[in-house]
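The values are calculated or read from the model by the stated rules, or taken from the named source; none is laboratory data. Predicted, not measured: the structure shown is a model, and the values here were computed from it. As a convention, Cβ positions derive from the backbone with ideal geometry for all residues, glycine included, and neighbour counts pool all protein chains shown.
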Amino acid sequence: MSEMTFEKMINQMTPAIYESLKQAVSLRKWPDGRRLTPEQTELCLEAVMRYEAENNVPEESRVGYLEQRTCGAAASGAGVTPEMAGLARDAARD
C-alpha cells in the first residue's frame, strides 16, 4: 500500500471503522471470522495508532495502554520487592 493511499485511508477513517480495526487487531480476526495475516495485523495496528494520535483519543482509551501500577509504592517503584515486581525466580523452571 503506498504511503499516500495509507494517509488518505487514515484521514477518511470513521469512528466505526476505527473500532472495527481495533477489535480485529485485538482478536486477530476479521468480523467474519477469518484470521488476519501478520502483515494485515501490522497494517491495522498502525492505522489504529495513527487514527488515535490524529484524533486525540484519550491515552487510557488507546490500544496498548497499560495503567501504571507500583503495588502501592512511589511512582519510581522504590521499595517494591523483586517478588512484588514480578521478578521473582520461577520455581517451576528448577
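The chain holds helices (runs of 4 or more DSSP H) entirely within its bounds, and those carrying 2 or more residues that are of a type outside the set (D, E, K, R), at pLDDT 90 or above and within 13 Å of the chain's Cα centre (by Cα) map to 15-27, 38-54. If only residues of the range 2-46 that are surrounded by 16 or more Cβ atoms within 10 Å (Cβ to Cβ) and among the β-branched types (V, I, T) are counted, the one that is nearest to S61 (Cα to Cα) is V25.
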